Each structure stands twice: as structure tokens, then as C-alpha cells.
1. Given a 1.4 angstrom probe, I'd like the percentage of the accessible area of the range 246-372 that is carbon and sulfur, rounded to a whole number.
2. Relative contact order for the range 263-325 using alpha-carbon pairs under 8 Å, separation at least 6, rounded to a whole percent?
3. What full-extension length gain, to one decimal in nm, is calculated for LEU105 and ASN399 as 0.36 nm per residue of separation minus the Cα-Cα distance?
4. Run the 1.4 Å probe and let me know the accessible area of ILE429, rounded to the nearest 10 Å².
5. Using only the Cα atoms, work out Rg/Rh for the range 271-385, with Rh taken as the Kirkwood radius, to two decimals.
6. Could you list the residues of the range 354-392 with an amide nitrogen less than 17 Å from a label point located 7 Å from the Cα of SER431 in the Cα-to-C-beta direction?
7. So, in nm, how far is label GLN195 from label ARG350 when the simple model puts each one 7 Å beyond its Cα toward the Cβ?
8. I want to check the label-to-label distance for ASN204 and SER336. Put each point 7 Å from Cα in the C-beta direction and report it in nm to one decimal.
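The values are calculated or read from the model by the stated rules, or taken from the named source; none is laboratory data. Here the structure is a predicted model, which means the values were calculated and not measured. For neighbour counting, all protein chains shown are included, and Cβ atoms are generated from backbone atoms with ideal geometry for every residue, glycine included. Note: accessible area is taken over every heavy atom of the protein model, side chains too, but ligands, DNA and RNA are not part of it. Shrake-Rupley method; radii C 1.70, N 1.55, O 1.52, S 1.80 Å.
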Amino acid sequence: MIHRTFIALTLASILVAACTRRIPGAIHTNQNDNTNQNDNTNQNHNTNQNDNTNQNDNTNHAPPTFSFSQTMHVSDRPAVDLLFVLDNSGTMANEQQTLSDQFPLMIERITKAMGGMPDLHVGVVTTDLGAGSYTDLGGCRPVGGDQGILGMAENTNRSEFCIGTGQRYLVDESPKGCTIQVDAPGSCTSDACTQADCDAMAVNGEFLTLVHDNNGCPRCVNYQGTLANAFDCMSHVGTQGCGFEQPLEAMKKALDLNDTPQNQGFLRDAALLGVVLLSDEDDCSASDPDTLFNPDPNLNTMTSSVGFLTSFRCFEFGVTCDVNDRTVVGPRQNCSPREDHDALLYHPSRYTAFLESIKDPSHLRVMALSGPIAPVNVTLDSQQRPLLDHSCQDPAIPNEGAAPAIRTHAVVAHFYDQADLDTWAFSSICSTDFSAPIEGLGQSLKQAAETLACLDHPVAGCSHGTAGSDCLACLPKCSITLQTDPGTNNQKTYEVPWCGALCLSGICTKSDLQPCNADASGRCQCFVGWASVTLDDGTKGCGQLFYPQGPEVRVDSILANVLPVQEPTCTGTSCSADQAGRASACWSLVDAETCASGSAMTLVVSDPDFLHETLLSGTCETVPTTETNCSDGRDDDEDCLVDHMDPDCAP
């Protein structure tokens, strides 16, 4: 048996979607007929909808005028939201500088991996959330600290200082709505973009300026100078912050608009999310801060209920090991986040669950630069207070290092296997070279970007998603081609079929149709699994919908039903679907609830060795989002409401 690998390639139209665990080309239905095929409809009848058999419906109505045609590289650039959670306590100056120095490398690696500069949002928050209601604990001065607000550092709006008035995060995006000529991934030869295109993209008080990068490509940015310089300013968050670092809670606050409405606009539904945690202490996200950080002198003893007021409280009430006695010095084994009723810190599952509630894990990447989780050793400081030894040493500063980040590690480990943790996802902050984790983050974001892509417009025939609506089956009206090795002597072009078919052969004849049960308006009503068909001679009926019965193949976290694998057989410069082997590739629509239009498209192709450098071309007929003509007897926006029955036509 020949085993082949399947990969998901994006048919992108500007935005990358946050996938919602739907199944490309698979079946979403409560089927109630006795047929053997799967379908993706939930309706009990279907209206007089055009299908993909090139027939005429004899209504003399022109098709919708909303359409698009765009040629895309597989590596088309997605949108990426990067959130940096930075420790601003007294020992972090060197680490902040190392991150800033290597930020250009991070952008370079992400850009290289994705075939060009992605549409970026870059935000920075600190680990300082104060110490409950106490305001006299050194750097823990204001209640709530920096509150998880983007750009706030030591109670100062640093983003306005670094970027400009009203700005909270860095924006660097490609203009939309204008023509850009590209001769290679990442390089532009000409464009017709204007400042007006950037102005039209600005949201939530962004001030975007049209510039051109070193590759001649137009960008809409909200900063002056280079992205590296702007980030350098943003990432120097100081060293006067609270010493009880709470990076996980700060991350949640930064991304949860219920906590921080000031951060509106940073997190985009259709963008990948990358989170970078930088701290030389483990997380101390307090569920009961007034108890944990209580400075009462009577509690500041070895034998009190909470022990000395040092960061050891975070370890004692947030981590459990084989030995859980502050008076016992020595090594600790089998340490993990604490979750008993006496714990005073939130369990890390609070944060993994939150992240998965705002992003599908396949479009989420979390990376930590922290202290290794071993060794764990408890000793005493010069005042005979329990002290957690460093698990790594700062090579530049004697007696400085990082504590084992057991809680932070638990969050990162939730999303990765051990190989990813060891190579990039969880790395030592004591290193002076972050290039390996940066490289890993770039490659991992690239893999995330190759899963799904939002379409700008609702697709005719499927404007309400892959299942259609209560009155419409999903019969997408698109023409897709795939070109391998473009611009070389080996260039070939293949027609790519839809993964489904209407009627067994894909072309309906009279013998394939069931009688049409027309409603009062003359529209055919069909059973679940069947769709309305009008043949060239005007014959109307219901044709059966067929979907692929090929193997289930795991693509990241998605199960994809694809046709059986067959190598292309043609040798010329242009290959028909039959010559290429109809089963070599097929495309399908996938529901993506975070896409504005409600649908997204993924092309599933077999055998990556066959693909090489691949170019995708697609043209889809689209429909307007509202009823455009209220007296033509047509359902223009495919919402099952015609003319004045549609609220769009209300006077």
C-alpha cells in the first residue's frame, strides 16, 4: 500500500480565518432519507437556485454582478496578532534588551516562513497587575498595576509616547481594495494604492499612513521609522514594576475586552494569534490577592498562615511537589500547578480554556521564554527566609537567573508535544540567543496559516455557509485552477473540481432527476440530500447531491474528507481535470464562524512532493449582502426572502 501525505492549502482572499473545528469537505446534516451518500444540507426543500451544470433556468434574469477574481500564492500572507507579555520587575533589563535586539530576526523569520510580511498587529503588556488592594509594596503601587492595557508600563501610556496619540498597538498591514503587482512572494513591482486606501482600513482610532517597504510593497502603518525601532521603544517597559509577576492573568486581561475595552481592535477574528511570555519568575496570578499579598507584619513570619512576604508565597500557594513544607530545604520533585481548595493562585487551566474560547488551537501559538522547570530546589536567603533557587543562571550578571516556571510551562505544554516544547515553544530566558524559539514560532505560524482562509464575499449558492440555508442547498459557484512550478519549464495548470457533485456523474440528465414538487411560486422543493436542477431544455427536477467518500485524513486538528489519491498523468502545459486525475485535488467550502461572510474555502491537495511552488487561481460568483432589487421576483441575497418579503425592502 502506498501511503501519502495530505496538506491543506489556502485559497486566500485577504484574511486568514480562525478555524472553528469544522470539517473541510465533510458532512454536516441530520439526514433523513434512505440514500447512501453524505450531504452537507440541513434543509427540507430548496428554491430555484442555479447549479453548476451550465443549464439555463429560462427566467431571463442576469446573474448577480458581485464577483471577484484573484490569483494567490499558497504562501499568501495572513493576518497575525502578536502579543508580548513582558516582565518589568527589577531584574529584567537585560532580557528586555535581548528580546528587542532579536525582534527584527523574529519578523524576518516569520516573513520568510510565510512568503512575505503578514498583516501585523503587535501589542505589549507588562506582568504588573499590582498586589490586590495594597499600594505600599515596593513596585506594586497602583491598584491593578498596568491592568493588562496594551502599551501601559509603570502606570504610563508608553504606546502614545512610542507611536502616537490614541494608539495602543503597532499596525503594519497591506492595503486593501487596490491593485498590487507582485513578481515573487514578498516583492512588488507596482501598485495603485493611495492614502485613501489606508484611511478606509483604520478602525478604533488608528492613524494609518501609506508607506512602501524595502521590497517595494505598499503598507499601511501607524508608526514612524522602522517597525524594529517602534517595537524597541514599546518593549522597554522598565524595571520598576511589581515583583509579584502575573503574566498569565495579564495575558487574559489584554485579550478579554470585558476586562480591557481599551484594547478594542487589537485582536482580529480572522487573524492568527501569537503570544510571547517573557519573565524570569514563574506566574503568580492570584485568585485571592488580598490574602496572598497581605503585608501584615504579624503574617510576615515562617510560621504564619502565608509565610514571609516574598515571591516564595507564589511558589508555595501555586505549586505542589513531593515536599510541601516551607521549613524543609532541599530539592523538590514531581512539581505541578496546585489546584486544591487552599491554593491562592488561579489554576493554569483558566488560561488554556480562555485562549481556546477566543481562538481555535490550530490558529493559536503560545511561546514562553522563562526559567527551566528543573531543577527545583528550596534554600534559605540571608534573612533565613525560604528561597526558590534559580533553575538557570544569567551568563552576564553574577547571582542572577530565573526561577523554575512550572505554572507557565503548564500553559504552554497544553498546546504542544514534547518535541515542540524542547525545540522552541518553552525556552530558557537565561540564553543570550533566542533565534531557535523565534525560528520555531515563525514556522509554526506558517503551518497555522495554511489551514483556512476567509472569503471577502458570500459565495453564490452557499451564501449562508456550507449547509446553505433552510431553503437553499450549498452548490458553490466557483472555478478553481492550480498551477505548479509557475514561471518554469515544468509549469502545468490543473483544473480543480469541487469535492462534491450534483448527480452521480456531475452532469444531470432527465433519468437522474426526481419529479419537481413546485410551490406556489414555481420553485422546486426537494428532500434533504437533493437540490433543484434546471436542464438546458428547461426540464426542472431534483438532483441528488453526492459528496466524496474518500479516506479521512488529519490536517492539523481538522478532519478532511478528500477523494482518493491519484497522480496527475498529463505531460503538457495544460491538463484537464480528467488528465490530471480528478481525485488529485478538490476544493470545498468550510464553515468559519469568525469570518465576516460566514464561509471560508480550503483546498485539500495530495502529495506535497507534487506541489512544489504552487499558484492558485479562483473565480467565484458572489451575491450581495442585501436585497438589491425589490421588484424582480428574485432572492438577490439568498436569504429565502424575495423582494418585499425581505426586511431589506421595508419602506
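1. 47 percent
2. On the way: 29 pairs, mean separation 13.4, N = 63.
The normalised contact order for the range 263-325 reaches 21 percent.
3. 102.9 nm
4. 10 Å²
5. Rounded to two decimals, Rg/Rh equals 1.02.
6. 366-375, 391-392
7. Output for this residue pair reads 4.7 nm.
8. 3.7 nm
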